[in-house]
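K.L.:
Please find one structure pasted underneath; my questions will follow.
The values are calculated or read from the model by the stated rules, or taken from the named source; none is laboratory data. Keep in mind that what you see is a predicted model, and the values were worked out from it rather than measured. Glycine gets a Cβ as well: all are built from the backbone with ideal geometry, and neighbour counts include every protein chain shown.
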Amino acid sequence: MTLTGKGWGRGLTRAHAHPNIALALLGFRRGSAKFSCLSILVLSPSEEAMLARGVLLPSFHLFRKTTCPRLSSYRHLPSPLSSFGYFPSRKGSLSHRTTSSKSGCSSRLPLSAETSAQVDQSLMSLFSTNRLHDKVVLITGASAGIGRATAVLFARAGANVVLTARRTEKLDDAVKECEEANKQGASGKGGKYVAVELDVQKRSNLDALIGQLPDWAKQVDILVNNAGLVFGTEKVGEINADEVDVMIQTNVTALIHLTQIFVREFKKRQRGHVINLGSIAGREAYPGGSIYCATKFAVKAFTSALMKELVDTPIRVTCIDPGMVNTEFSTVRFRGDKATADKVYEGLQPLTGQDIAEEIVWAANRPEHVNIAESLIFPVNQASPYHNHRPNLKK
């Protein structure tokens, strides 16, 4: 059993009613477009035994390249959340692929009616489990980049979203994007969205935030502390003191204060999820980034302590640590000099805001007893702040 073409596994589960069938969500690239689809895998006895022991099978075990990829026989949906569903064959029944050991070519074989029904039940159990519908999500720094992409994905999943940022004109556009994403989303039901102007550097604004929210948004289920920034690459002794204050207030003080406000609410309701945006800079410091690294180390320490303090509650705490992400981040760092900012990503393919948003939404959609404590995400050509490979760099 194989899937043709170039793919990688996103998730794997055994069909409950049919033990030798597993389901995998796969990602594809065709040109610059990214797609996701679902494959039904018929496991060998040894692979089934591994899965039964809780061993996640490596993708190369399951997906072998073939010489005649026929991806057109799959229905592709351009969305990471479009996988809340399955893919029928032309006759309306589910099918799987087998591969010839001689030719390497694959063919589609229909499953029996009984097996198809069993797989259908398992598919609905796996991919129709949308735990985000009607949840209230509050995101800081939601006008652009990771924050905006996260708001749109939550909207697509049927969540109600509070988008906060300083730039209200961009927030209004983001709200419209959320509304459109919800119409195209898998939930098929409308959500509610509101833009709230919020300068996180001012504590009085944070204290007044809940009172500014509409009634439907006052009981937040998921807090995404995304707002953050960095200025310059100056070394210690050369750093602008005012910029130091702004970085600490935005990246650390506001995050702590906002978390305290909502954790009190979460404790009252005995539910909630705090998702903090850290950074690789919070794991490994680098020259020219001393203040930014210090703020992200602080976020890491605060998040770790918070998780330990809440271990006797159902409240979840997650820290997402991105590597190199192509957003407005570097443009802000270089004080609006986009040409210099673009050189940061020159010669390699960085992550996008969408990539990090997918991780955030995935973590939020885990079962209530599952907590993704932390996640470190790099582009494939990055291994640390210092170790980057730039294969496309022009010499």
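K.L.:
State whether the residues of segment 335-355 include one that is under 24 Å from V161 (Cα atoms) and over 13 Å from the mean Cα position of the chain (by Cα).
P.N.:
No; the residues of segment 335-355 include none that is under 24 Å from V161 (Cα atoms) and over 13 Å from the mean Cα position of the chain (by Cα).
K.L.:
Oh, and also: Anything in segment 264-275 that is without any contact (Cβ under 8 Å) to a residue 60 or more places away in the chain, surrounded by fewer than 19 Cβ atoms within 10 Å (Cβ to Cβ) and of a type outside the set (D, E)? List them, or say none.
P.N.:
R264, K267, K268, R269, Q270
K.L.:
Going through segment 126-141 one residue at a time, which ones are in a strand (DSSP E or B) and hydroxyl-bearing (S, T, Y)?
P.N.:
T140
K.L.:
If you check every pair at least six apart or on different chains, which have Cβ atoms under 6 Å apart with a residue in segment 362-376 that is in contact (Cβ under 8 Å) with a residue 24 or more places away in the chain first and a residue that is surrounded by fewer than 16 Cβ atoms within 10 Å (Cβ to Cβ) second?
P.N.:
From residues that are in contact (Cβ under 8 Å) with a residue 24 or more places away in the chain, the pairs are N365/R131.
K.L.:
Okay, next question. Considering only helices (runs of 4 or more DSSP H) fully contained in segment 142-240, which possess at least 3 residues that are of a type outside the set (A, V, I, L, M) and surrounded by fewer than 18 Cβ atoms within 10 Å (Cβ to Cβ)?
P.N.:
168-184, 203-207
K.L.:
Here's something else I'd like to know. Quick check, is L393 over 16 Å from the mean Cα position of the chain (by Cα) and not basic (K, R)?
P.N.:
So L393 fits the description; yes.
K.L.:
Here's something else I'd like to know. Confirm whether I248 is within 20 Å of the chain's Cα centre (by Cα) and either touching a residue at least 12 places away in the same chain (Cβ under 8 Å) or closer than 24 Å to R166 by Cβ (or both).
P.N.:
No, not satisfied.
K.L.:
Among G185, G232, G158, G191, which is the only one that is assigned by TED's automatic domain parsing to the domain that holds T303, of a type outside the set (A, V, I, L, M) and in contact with a Cys (Cβ under 9 Å, 6 or more places away or on another chain)?
P.N.:
Matching residue, one of G185, G232, G158, G191: G191.
K.L.:
Then there is this: Of the residues in segment 355-395, how many are modelled with pLDDT of 95 or more, buried (at least 17 other Cβ atoms within 10 Å of the Cβ) and touching a Lys or Arg at 6+ places or on another chain (Cβ under 9 Å)?
P.N.:
Selection size over segment 355-395: 8.
K.L.:
Here's a follow-up. Which one of K343, K394, K300, K308 is touching a helix residue (DSSP H, G or I) at 6+ places or on another chain (Cβ under 8 Å) and charged (D, E, K, R)?
P.N.:
The unique qualifying residue is K300.
K.L.:
Can you tell me which residues in segment 302-337 are exposed (fewer than 13 other Cβ atoms within 10 Å of the Cβ) and at pLDDT 85 or above?
P.N.:
A305, K308, E309, V311, D312, R335
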